[in-house]
Amino acid sequence: MAVNHQHLRAFHAIALEGGVSRAARRLNVSQPTLSQQLKALEARYGVMLFESRKVPLSLTPAGRDLLALTHKLFATASDIDEILGETAEMTGGMLRLGSDNPYYVAKMVQLLRRDHPQTKVQVRMGNARDVMRWLGEAHVDAALASDPPGDSNFSYEPLASETLACALPRDHALAALENVPIAAFADETLLLRESSSKTRAFTERALVDAGIEPRATIELQTRETIREGIALGLGISAFFESECPPDGRIVYRALGTGERSYQLRSYLVCQSDRRRSALMRALRSTVAEMQGTV
């Protein structure tokens, strides 16, 4: 008897996500529907594929064997889709993007809308940790994230690499320099992002490596608040290059960190099983164009 492909997809998603709820969000179906499909698969072959229904679900030996086969099955299906759908075009629909970088996501939306004006776009902003969680829970279709953790469930497309810069009030004495040495932070008040910020983590790592402790620190959390604080003379800060929009009250200078280099790498990330979809092909094309401009 022929196996039901839809039932296999339900099992595959549940096994990958470790629960019916997350798998339902990933496949955009209701939880009862997914549960019924799993039960139908188990009943048809008289096997138990999960040890229990308690989250996180644990696979039985038969479930582990089946998962190894469904990995191959859906990877092959994706390859077939890529070959047959090479000329497929986006004809509309909704794209949900998560991003931790305002500049990159705005540029991506601009280029995507230029080439696919019928596509609606919804952007959700957060830090890199939030963005990757949204992607894993299927709240967004793709993510722009800086230094995301490696995960075999995701596909990664490199976008950009950037270094730290020093942000100063225009009339600050250090503004006369083209390159501000990190040692100068010892005499300054440093304005910091929230504790989960990648920018803050890189800044603090650079300070520790250089053996420098700022005179004082103030946590202002958001980029916008910190820029206002700089303009008002509260202190100075460190930003990555894409976080430095023109502002007549502020100047940006290269940050000298000696022989050490602090590179933040940004990626376009999607679920591995969607990497060959028409949507992701369009986004990868956009990334390729952005690489020449960011």
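Out of the residues in the range 52-100 that are assigned to a loop (DSSP other than H, G, I, E, B) and at pLDDT below 65, which is nearest to N4 (Cα to Cα)?
G85
Just the residues that are crowded, with 20+ Cβ neighbours inside 10 Å and of a type in the set (D, E, K, R), please, taken from the range 224-240.
R227
Is it true that A23 is over 19 Å from V55 (Cα atoms), without any contact (Cβ under 8 Å) to a residue 24 or more places away in the chain and not charged (D, E, K, R)?
Spelling it out, it is not the case that A23 is over 19 Å from V55 (Cα atoms), without any contact (Cβ under 8 Å) to a residue 24 or more places away in the chain and not charged (D, E, K, R).
What's the number of the only condition in (1) over 30 Å from A68 (Cα atoms); (2) under 27 Å from the mean Cα position of the chain (by Cα); (3) exposed (fewer than 13 other Cβ atoms within 10 Å of the Cβ) that G211 fails to meet?
If we test G211 against (1) over 30 Å from A68 (Cα atoms); (2) under 27 Å from the mean Cα position of the chain (by Cα); (3) exposed (fewer than 13 other Cβ atoms within 10 Å of the Cβ), just (2) comes out false.
For R9, all conditions in the list (1) surrounded by 13 or more Cβ atoms within 10 Å (Cβ to Cβ); (2) assigned to a helix (DSSP H, G or I); (3) without any contact (Cβ under 8 Å) to a residue 40 or more places away in the chain hold save one; what is the number of the exception?
Among (1) surrounded by 13 or more Cβ atoms within 10 Å (Cβ to Cβ); (2) assigned to a helix (DSSP H, G or I); (3) without any contact (Cβ under 8 Å) to a residue 40 or more places away in the chain, the lone unmet condition for R9 is (3).
Need at least 3 residues that are aliphatic (A, V, I, L, M) per element, so show me which strands (runs of 3 or more DSSP E) inside the range 206-294 make the cut, counting only ones lying wholly within it.
Counting at least 3 such residues, we get 216-221, 250-256, 263-271.
Return the only residue of T76, T33 being exposed (fewer than 12 other Cβ atoms within 10 Å of the Cβ), closer than 27 Å to D141 by Cα, among the β-branched types (V, I, T) and not assigned by TED's automatic domain parsing to the domain that holds D141.
From the options T76, T33, the qualifying one is T76.
Conditions tested, residue by residue: (1) under 26 Å from the mean Cα position of the chain (by Cα); (2) closer than 30 Å to T76 by Cβ; (3) modelled with pLDDT under 90.
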position: I230; (1), (2), (3): no, no, no
position: F240; (1), (2), (3): yes, no, yes
position: C244; (1), (2), (3): yes, no, yes
position: L279; (1), (2), (3): yes, yes, yes
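Can you give me the number of residues within the range 195-206 that are in contact with a helix residue (DSSP H, G or I) (Cβ under 9 Å, 6 or more places away or on another chain), surrounded by fewer than 19 Cβ atoms within 10 Å (Cβ to Cβ) and closer than 20 Å to E162 by Cα?
Qualifying residue count, the range 195-206: 1.
The values are calculated or read from the model by the stated rules, or taken from the named source; none is laboratory data. Being a predicted model, the structure only gives us computed values, none of them experimental. We place every Cβ from the backbone using ideal geometry, glycine too, and count neighbours over all the protein chains shown.
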